[in-house]
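The values are calculated or read from the model by the stated rules, or taken from the named source; none is laboratory data. Since the structure is predicted, the reported quantities are computational estimates derived from the model, not experimental observations. Every residue, glycine among them, receives a Cβ derived from its backbone with ideal geometry; neighbour counts consider all protein chains shown. Accessible surface is based on the protein model in full, side chains and every heavy atom, while ligands, DNA and RNA are left aside. Shrake-Rupley method; radii C 1.70, N 1.55, O 1.52, S 1.80 Å.
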Amino acid sequence: MGLLTEYFVALTDDAAALVHGGSIPPHAVDGGGIEPVVHLGTLEELLTGRTFEEVLDDAPTSPVADRNGGEELVLRITDELARVLAEVSDSRLEEVVVPWSQTEELEGADPADLATFARELSALARQARADGGHVYCWFSL
């Protein structure tokens, strides 16, 4: 079946921790299997010019929720990526999706699908900023 991913906004880690497979918020973005550490780490690297190692150093070290022995997790995306996504233009997102699609982890991904996802994730980041919240990813193995 593969990795299931959904991105959503919550005001706090405690609120995000309540999200599970049966309670995905209605305005969540389907991540299509794009996970928040490596996949979004490479997107952050491309958008910011930081090294992947720097991105990983800033990544949350533990999930806000862990269910079923790690088969279902909720992670908060990095504050830096959320900031950049809230401010980025659609044209800049279009510039990075081709190199993003050519990374080893996303080999074979359609750049048009990645662009759609990146725009939707950017809109979530803007919503999180306006609401005073954060962007999270629920995922299930």
Per the filter on region 37-67, residues in contact (Cβ under 8 Å) with a residue 24 or more places away in the chain and out of contact with any helix residue (DSSP H, G or I) (no Cβ under 9 Å at 6 or more places or on another chain) are 67
Of the residues 82, 65, 86, which is over 15 Å from the mean Cα position of the chain (by Cα), closer than 30 Å to residue 22 by Cβ and at pLDDT 95 or above?
65
Would you confirm, using the coordinates I've provided, whether residue 123 is in a helix (DSSP H, G or I), open to solvent by less than 50 Å² (accessible area, probe 1.4 Å) and more than 16 Å from residue 41 (Cβ to Cβ)?
yes
How many of the residues in region 42-62 are modelled with pLDDT of 95 or more and either touching a Ser or Thr at 6+ places or on another chain (Cβ under 6 Å) or within 16 Å of residue 138 (Cα to Cα) (or both)?
1
Which pairs have Cβ atoms under 7 Å, sit 6 or more apart or on different chains, and link a residue in region 81-94 that is closer than 15 Å to residue 50 by Cα to one that is small (Gly, Ala, Ser)?
82/125; 82/128; 85/122; 85/125
Would you be able to say whether some residue in region 127-134 is of a type outside the set (S, T, N, Q), assigned to a strand (DSSP E or B) and closer than 27 Å to residue 17 by Cβ?
yes
Which fully enclosed strands (runs of 3 or more DSSP E) of region 1-95 have 3 or more residues being open to solvent by less than 50 Å² (accessible area, probe 1.4 Å)?
4-10, 72-76
Selection from region 96-116 of residues over 24 Å from residue 127 (Cβ atoms) and either part of a helix (DSSP H, G or I) or within 15 Å of the chain's Cα centre (by Cα) (or both) yields 98, 99, 101, 104, 105, 106, 111
Anything in region 96-119 that is of a type in the set (D, E, K, R) and loosely packed, with under 15 Cβ neighbours inside 10 Å? List them, or say none.
104, 105, 107, 110, 113
